[in-house]
Every structure is written in C-alpha cells, then in structure tokens.
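Notes for the one structure printed next.
The values are calculated or read from the model by the stated rules, or taken from the named source; none is laboratory data. What you are looking at is a predicted structure, and each value in this text was computed from that prediction instead of being measured. FYI the Cβ positions are ideal-geometry reconstructions off the backbone, even for glycines, and counts take in every protein chain you see. Heavy atoms of the whole protein, side chains included, go into the accessibility calculation; ligands, DNA and RNA do not. Shrake-Rupley method; radii C 1.70, N 1.55, O 1.52, S 1.80 Å.
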Amino acid sequence: MKLIFATNNENKVKEFKSLVGNNFDIITLQDAGIDIDIPEPHDTLEANALEKSETIYRMTGTNCFGEDTGLEITALNGAPGVLSARYAGEQKLAADNITKVLQEMEGVTNREAQFRTVLSLILDGKEYQFEGICKGHITTAVQGEKGFGYDPIFVPEGASKSFAEMDLAEKNQYSHRAKAHHLFAEFLKSVNA
Ligand code: ITT
C-alpha cells in the first residue's frame, strides 16, 4: 500500500521506515517532489497533525498521514508542547530548544515529562487519529549524541539512559512514535488496506 508521509523531518521518516519494514510503500514529500513547509498554526497536536495530512491529501489525492509531536513537561505546565519545534525561536534549532528547556528546569525537582505523538491518517478521504505517549523525565544535562530533537535530555520510564544514548531499535521499544505507529499499523491491517 502506498502512503505519503506528510513531513519534512527526515528523522521521523527514518524512524517510521524502521518500524514498518517492507509492509508499506512510504513516500516522502521529497520523493513526491513536494516542496512545502506545512504550517502548524493550531494550538493542539491533533489539529496540527490534521493540517499536515489534509494539506497533502488536498494537493495529491493520495492516501497520506502526518504527525505532530510534543514534549510535555509537567513542571512547565505542559510546555513546550505544541510549540516544541519552535520553542526557542523560528529557526527551529534542536540545540537552542534544549538549552531553553534546561535553563527553565534549572533547580526544578519535578522532572516528569512525556512525549506525545498524534498521527493523522487520511484514507480514501476519511481521517483517523492514533496517539502514542512515552512517559519519562528530563535530565539535568545533555546525554548522548544519537537521535534528534529533544532526545539528549529525555530518559523514558524503565530506562537508565536517554533516547540519544540508544540506537533506533532500543528507542522503538519505548517511544511515543512507535506506539502511535503500532495502533496505526493494526488499524490498517483491520481494514485490509
Ligand atoms: P514536520 O512538521 O515536518 O513533521 P517537525 O520537526 O516540525 O516536522 P514536529 O512539529 O512534530 O515536527 O516536532 C516537534 C518538535 O519535537 C521538533 O523540535 C522535533 O525535533 C521534536 N521531536 C519530535 N519527535 C521527537 C522525538 O522522537 N525525539 C525527540 N524530539 C522529537
């Protein structure tokens, strides 16, 4: 089955491909020759995920999915949340975002946080959403160099190292994206797509 993944984030594509194996033919925006920065104008992950899938479905008429992910930190009242990509500014730099979070968390003892992914699938014109949550905590300093985004400052529950200290297979055992993907794959199986 052919699906366009409505993202410009190569790391998300890499993670998805590692999860789906050869079951689906995942076409990236780049593969499809679509050069567009899809806006994320809404104040929920759900609405932004739909914005991504709907924009590409409107342009191509091809079944597709997009996802919006946020890091939700309890002591920061859920921030950076829906603003995760642009937390330290429109340049969307992971290093700047991490620095800002670590500064805001300086001296804070409650380090509880979660990653939440909302995946929006449009199949034959109808939308379906799948959510994946990974609970964990924010470190006090950067740990590891693998992964992307906030991975160097997030340790998932049940692990003793950060996502950035894990290879992809290990991250997939815990991650929000893997959980959302699992529900999405089960759904596609159930409708025989
Ligand atoms: P698209 O909208 O093109 O899909 P994006 O990078 O803008 O790509 P999001 O808005 O969903 O995607 O990402 C929000 C932020 O959260 C962004 O800074 C990512 O680097 C970060 N992020 C997303 N998934 C992550 C993960 O698994 N580990 C660490 N950081 C992650």
Qualifying residue in the range 89-112 (condition: more than 14 Å from the ligand (Cβ to nearest atom), touching a Ser or Thr at 6+ places or on another chain (Cβ under 6 Å) and acidic (Asp, Glu)): yes
Of the criteria (1) within 23 Å of LEU168 (Cα to Cα); (2) open to solvent by less than 70 Å² (accessible area, probe 1.4 Å), which one LYS146 fails: (2)
Count of the range 33-46 residues which are under 14 Å from the mean Cα position of the chain (by Cα) and either open to solvent by less than 20 Å² (accessible area, probe 1.4 Å) or of a type outside the set (Val, Ile, Thr) (or both): 3
Residue count, the range 70-93 (criterion: open to solvent by less than 70 Å² (accessible area, probe 1.4 Å) and among the polar types (S, T, N, Q)): 2
First in the range 17-38 and in contact (Cβ under 8 Å) with a residue 40 or more places away in the chain, second anywhere and assigned to a loop (DSSP other than H, G, I, E, B), Cβ under 7 Å, 6 or more apart: PHE24/MET1
Residue under evaluation PHE65, criteria (1) farther than 18 Å from MET1 by Cα; (2) open to solvent by less than 10 Å² (accessible area, probe 1.4 Å), criterion not met: (1)
Counted residues, the range 141-170 - those being among the aliphatic types (A, V, I, L, M) and either out of contact with any helix residue (DSSP H, G or I) (no Cβ under 9 Å at 6 or more places or on another chain) or more than 13 Å from the ligand (Cβ to nearest atom) (or both): 3
Residue satisfying all of: in the range 157-176; in contact (Cβ under 8 Å) with a residue 40 or more places away in the chain and surrounded by fewer than 22 Cβ atoms within 10 Å (Cβ to Cβ); nearest to GLY107 (Cα to Cα) among these: TYR174
